[in-house]
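All remarks here apply to the structure that follows.
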Amino acid sequence: MLRVAVVGSGPSGVYTAQGLVQQTRVPGVRVHVLDRLPCPYGLVRYGVAPDHEKIKSLQNNLRDVLTDERITFVGNVAAGAPGPAPAQLLELYHAVVYCVGASRDRSLGIPGEELPGSHSATDFVSWYSAHPDAPEADFTGPALTARSAVVIGVGNVAVDVARILARGADELRPTDVPQGALGVLAGSAVRDVHMVGRRGPSQARFTTKELRELGSLPSAAVVVDPAELALDPVYGSAAAAAALPVVRRRNLEVLRGWAADGAREAERRIRLRFFLRPVELLERGGRVAAVRFERTAPDGDGGVRGTGSYEDVPAQLVLRAVGYRGEPLPGLPFDDRAGTVPHTAGRVLRDGLPSPGEYVAGWIKRGPTGVIGTNRPCARETVESLLADAPELAGRPVADDPVARLRAAGHRPVPWPGWLAIEAAEAALGASLGRRTVKIPDWDGLLAAAHGPV
Ligand SMILES: Cc1cc2nc3c(=O)[nH]c(=O)nc-3n(C[C@H](O)[C@H](O)[C@H](O)COP(=O)(O)OP(=O)(O)OC[C@H]3O[C@@H](n4cnc5c(N)ncnc54)[C@H](O)[C@@H]3O)c2cc1C
C-alpha cells in the first residue's frame, strides 16, 4: 500500500487526491488530505465571492472526492508549523504532496501603504469569506464609513471586491456572508468605487463575464470615461483590436458600450479608470484620505511610462488587488523571487535535485494564476511524477496510523465528521438568523462545532 499525504484541501489538493486513487497503475493508494483549517476546499470556500453561487457549488464536486473511502480528510493540522515538519511527514507517509496555495498578498511598495484604511484585497476577501484568520477589526471600524473607495488593480479579484462593495444588503443577505460582515456591508457609506489600472483597458486582466456582471448590479452604475479609453492605441484601431486575444477584445467591446451609453442614475457608482499608477497614499487625520496617481502612457513596447502628470482620487478606503504570492513553509525549499516551491514536473527540488517523496501542485507550484480548472492538469502532472516514483517510495517503512501519531504529538485533527458538524452548525446559525447557511468566522466557533464545546 502506498500512503500519501496531500497537504491542502483546495482544488489542487483535491484533484491530486482524486488522481492518485482513481488511477489503476499503482494499486492500493491511500490518501490523507491535511489542511491547517478545520474546513476543506481552500479558496473555493475562502476566496470565490459569496455571490458567485454557481462557482461556489464546485464545493459539491470536491466533497464527492473527499468522501471517497480511499481518501481521509484531516483538518486542523498545519504542516510546517505548528504542525508536523516536512521531515516528520516523511516518517508518516511514503509521499507528501504540498498543495498549500499562495495566500500572501503583494504590496505596492509606495509611501502611505500602511495607513489605517489601506488594506490588501486578500484581507478584505478573507473577512467577507469568514476566514478565521481574517483581521475583522480592520473592517468593522471606520473603513466602511468611507464614501469613496479605491481598488487598485484590474483583475478578477479587483472586480470581486469592487462588486461586493457596490452590492446592497438585500443582494448579500441570501449568500453565506458571515453575519458581522453583512451588518457592516449593509451599513456601508460607500458611494463611489474607483477601480484603477496602471495600464490600458486592452491590457486589463479581468475576464469578460466578470466585467459584464458589474453592469447588471441592481444598485450600482458603471462609469467609464470615453476619453480615457481612447488613450489606448488599440481602442481606436479596428485592426489592432481584432489582433487581441479574444477575452481582451470582448472586454474592450463591453467598455466601449458603457462609455457610449453613459452612466445611469444609481445609489452607487463603479468608476473604471485606466493609465493611472499609484505613487502615494495621502493621509488626513491619521487615516488614508486619497490616492495620488501618476498618469501613464503606452511606451510602445507593451508597457507604460510615467508622464509626470498627477491626479488625486479621494479614498477613505483603499484595497490593493495586485496579486497573490506563495509563503515559505518551514522545512520546505522556497524560491523567494518566484514565490513558489522549486520543482521539476511537480517533484520538489532540494539543492537542485528531486527530493524523494516530496511533491507540489497548484498555486504553490506554478504561482497564483489560472482558474479552478487550471489546477486539474497541474495536479495530473504531479500525480504522474509520483506514480512513476512509486516503486522506490513504497518500500520505505512508514507509520501504520499517521493520525494517531499526530494526536500523540499533541495535535487535534478535525476528521470529516467534524467538518460535517461545522456545516450543520452553519446551517443552524443561518436558520436562527432567518438566512440560508451562514459561515462561522472564528476559530473558537469552528472548533467548538467540530469537537463539541471545550
Ligand atoms: C479572491 C479569489 C477569488 C477567486 N475566484 C475564482 C473564481 O470565481 N473562479 C475560479 O475559477 N477561480 C477563482 N479563483 C482562483 C482559485 O481559487 C485558485 O485557482 C485555486 O483555489 C488554487 O488552488 P490551490 O489548491 O492551489 O490553493 P488554495 O485554494 O488556496 O488551497 C490551499 C489550501 O492549503 C491549505 N494550507 C495552506 N497552508 C497549509 C499548511 N501549512 N498546512 C496545511 N494546509 C495548508 C489552505 O488552508 C487551503 O485550504 C479565485 C482566487 C482568489 C484569490
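Quick one: count up the residues across the range 6-36 that are out of contact with any Leu (no Cβ under 8 Å at 6 or more places or on another chain), closer than 23 Å to R104 by Cα and of a type outside the set (D, E).
Of all residues in the range 6-36, those out of contact with any Leu (no Cβ under 8 Å at 6 or more places or on another chain) come to 12-13, 15-16, 18-19, 21-22, 24, 27, 32, 34-36.
The next check asks that each one be closer than 23 Å to R104 by Cα; those that pass are 12-13, 15-16, 34-36.
Now narrow it down to the ones that are of a type outside the set (D, E): 12-13, 15-16, 34, 36.
Residues that pass the stated criteria total 6.
Filter the range 342-379 down to the residues that are of a type in the set (G, A, S), crowded, with 24+ Cβ neighbours inside 10 Å and closer than 16 Å to A79 by Cβ and list them by number.
The answer is A361, G362.
Please determine whether any residue of the range 74-90 is away from the ligand (no atom under 11 Å from the Cβ), exposed (fewer than 14 other Cβ atoms within 10 Å of the Cβ), assigned to a helix (DSSP H, G or I) and touching a residue at least 60 places away in the same chain (Cβ under 8 Å).
Quick first cut of the range 74-90, residues away from the ligand (no atom under 11 Å from the Cβ) only: 87-88, 90.
Then drop every residue that is not exposed (fewer than 14 other Cβ atoms within 10 Å of the Cβ), which leaves 87.
In the following step, the residues that additionally are assigned to a helix (DSSP H, G or I) were identified as 87.
Next cut, touching a residue at least 60 places away in the same chain (Cβ under 8 Å) only: 87.
Checked the range 74-90: at least one residue is away from the ligand (no atom under 11 Å from the Cβ), exposed (fewer than 14 other Cβ atoms within 10 Å of the Cβ), assigned to a helix (DSSP H, G or I) and touching a residue at least 60 places away in the same chain (Cβ under 8 Å).
Considering only the range 237-247, I want to know if a residue exists there that is buried (at least 20 other Cβ atoms within 10 Å of the Cβ) and either outside any loop (DSSP other than H, G, I, E, B) or not assigned by TED's automatic domain parsing to the domain that holds V193 (or both). Give the derivation first.
Step one: of the range 237-247, the residues buried (at least 20 other Cβ atoms within 10 Å of the Cβ) are none.
Scanning the range 237-247 turns up no residue that is buried (at least 20 other Cβ atoms within 10 Å of the Cβ) and either outside any loop (DSSP other than H, G, I, E, B) or not assigned by TED's automatic domain parsing to the domain that holds V193 (or both).
Taking the range 103-116, which residues are closer than 28 Å to G445 by Cβ and either polar (S, T, N, Q) or modelled with pLDDT of 95 or more (or both)?
Going residue by residue through the range 103-116, those that are closer than 28 Å to G445 by Cβ are 103-105, 116.
Matches in the range 103-116: S103 only.
Name the helices (runs of 4 or more DSSP H) wholly within the range 346-451 that hold at least 1 residues that are touching a Pro at 6+ places or on another chain (Cβ under 8 Å)? I'd like the intermediate steps shown before the answer.
On the way: elements: 363-366, 375-394, 402-408, 416-432, 443-451.
Here the list reads 375-394, 402-408, 416-432, 443-451.
So, in the range 168-195, of the ones that are acidic (D, E), buried (at least 16 other Cβ atoms within 10 Å of the Cβ) and closer than 20 Å to I270 by Cβ, which residue ends up farthest from the chain's Cα centre (by Cα)? Explain how you work it out, then say what you get.
So in the range 168-195, the residues acidic (D, E) come out as 170-171, 176, 192.
This time we only want the ones that are buried (at least 16 other Cβ atoms within 10 Å of the Cβ), so: 171, 176, 192.
Now restrict to residues that are closer than 20 Å to I270 by Cβ: 171, 192.
On the way: E171: 22, D192: 24 Å.
Residue satisfying both the conditions and the ranking: D192.
Evaluate the range 128-137: report whether one residue or more is outside the structural domain of F275 (by TED's automatic domain parsing), within 14 Å of the ligand (Cβ to nearest atom) and within 23 Å of E423 (Cα to Cα).
In the first step, residues of the range 128-137 are kept if they are outside the structural domain of F275 (by TED's automatic domain parsing); the result is none.
No, that holds for no residue.
Condition check ((1) β-branched (V, I, T); (2) under 23 Å from the mean Cα position of the chain (by Cα); (3) outside any strand (DSSP E or B); (4) in the same structural domain as G42 (by TED's automatic domain parsing)) across all residues:
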site	(1), (2), (3), (4)
E311	no, no, no, no
V318	yes, yes, no, no
G331	no, no, yes, yes
A338	no, yes, yes, yes
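If you go through the range 1-51 one residue at a time, how many are under 17 Å from V125 (Cα atoms) and among the hydroxyl-bearing types (S, T, Y)?
Result for the range 1-51: 2.
Is it the case, given these coordinates, that V26 is part of a loop (DSSP other than H, G, I, E, B), in contact with a strand residue (DSSP E or B) (Cβ under 7 Å, 6 or more places away or on another chain) and more than 10 Å from the ligand (Cβ to nearest atom)? Spell out the reasoning first.
Working: part of a loop (DSSP other than H, G, I, E, B): yes; in contact with a strand residue (DSSP E or B) (Cβ under 7 Å, 6 or more places away or on another chain): yes; more than 10 Å from the ligand (Cβ to nearest atom): yes.
For V26, the condition - part of a loop (DSSP other than H, G, I, E, B), in contact with a strand residue (DSSP E or B) (Cβ under 7 Å, 6 or more places away or on another chain) and more than 10 Å from the ligand (Cβ to nearest atom) - is met.
Considering only residues that are crowded, with 18+ Cβ neighbours inside 10 Å and under 29 Å from P38 (Cα atoms), which ones fall in the range 139-155?
Correct list: F139 only.
Tell me whether the range 40-52 contains one or more residues that are more than 8 Å from the ligand (Cβ to nearest atom) and closer than 14 Å to V100 by Cα.
no
Consider A121 carefully, then state whether it is more than 24 Å from R412 (Cβ to Cβ) and either in contact (Cβ under 8 Å) with a residue 24 or more places away in the chain or in contact with a Gly (Cβ under 9 Å, 6 or more places away or on another chain) (or both).
Values: more than 24 Å from R412 (Cβ to Cβ): yes; either in contact (Cβ under 8 Å) with a residue 24 or more places away in the chain or in contact with a Gly (Cβ under 9 Å, 6 or more places away or on another chain) (or both): yes.
So A121 passes the test.
The values are calculated or read from the model by the stated rules, or taken from the named source; none is laboratory data. Everything numeric here is computed off the predicted structure, so don't read it as measured data. All Cβ positions, even for glycine, are placed from backbone atoms using ideal geometry, and neighbour counts span all protein chains on display.
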